[in-house]
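Q: I'd like to ask you about the structure that follows.
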Amino acid sequence: MSSTPEPKEEDLPEDEQPGDGEDLCPACLTPHGPLAHFCGRCGAPVSALAPMMPFEKIFAEGYVYRHATESPGKFIVVAGIWLIFLPMAIQGALMLNAIEWETFKDWKEPGFAFFNILGLVVPLGLVGVSTVIIARTTWAYFRQRSGPSDVEREEVT
């Protein structure tokens, strides 16, 4: 999944051209209303209150992680993703290592607890999600550094 370059003001459709005094999204230059907290086009936070409210903070952080994963411009972004998600992957691996696997032999028994399954799903999720995010970010960084592919070069010319 390649990231698209951010549009310039002259590239916007006629109905999305900014007028005088309208607020613009800093990421995609789409005009938005004065009460908007997020851009309707790209999802970027556009108000100072967006990262302060509880649910909106989750969306603002999600935008930052998505943007960092899809198009990390600098090595420090990749290093930050590794510092955030590598400990999660290690914690999940340690949790998997601590599981008593003999308890899963009796999974068809009526007394088998939901928490035994949850004890397996949570560490697998930590390892899986963290590994995917680290791999996507690292791959995107090195793909950007290597330059456009042959297909992208043909599209440009």
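The values are calculated or read from the model by the stated rules, or taken from the named source; none is laboratory data. The structure presented is a predicted model; accordingly, all values stated were derived computationally and were not measured. Neighbour counts are summed over all protein chains in view; Cβ atoms, including those assigned to glycine, are modelled from backbone coordinates with ideal geometry.
Q: Which members of region 136-152 meet the condition of being over 11 Å from residue 82 (Cβ atoms) and either assigned to a helix (DSSP H, G or I) or at pLDDT 95 or above (or both)?
A: Within region 136-152, 136, 139, 140, 142, 143, 144, 145, 150, 151, 152 qualify.
Q: Shifting gears a bit: Between residues in region 63-79 that are in contact (Cβ under 8 Å) with a residue 40 or more places away in the chain and residues that are surrounded by fewer than 17 Cβ atoms within 10 Å (Cβ to Cβ) and of a type outside the set (Val, Ile, Thr), which pairs lie under 6 Å by C-beta distance while being six or more apart or on different chains?
A: Pairs found: 69/136; 70/3; 71/3.
Q: Can you find, within region 69-83, the residue that is surrounded by the fewest Cβ atoms within 10 Å (Cβ to Cβ) among those that are part of a loop (DSSP other than H, G, I, E, B) and among the small types (Gly, Ala, Ser)?
A: 73
Q: Which one of these does residue 113 not meet: (1) farther than 27 Å from residue 69 by Cβ; (2) modelled with pLDDT of 95 or more?
A: The one condition residue 113 does not meet is (2).
Q: While we're on this one: Kindly indicate which of 62, 33, 40, 73 is closer than 16 Å to residue 138 by Cβ and of a type outside the set (Phe, Trp, Tyr).
A: Testing whether each residue is closer than 16 Å to residue 138 by Cβ and of a type outside the set (Phe, Trp, Tyr) leaves just 73.
Q: Another question, if that's okay. Which condition number does residue 86 fail, the rest of (1) at pLDDT 95 or above; (2) more than 26 Å from residue 144 (Cβ to Cβ) being met?
A: Looking at each condition in turn, residue 86 falls short on (2).
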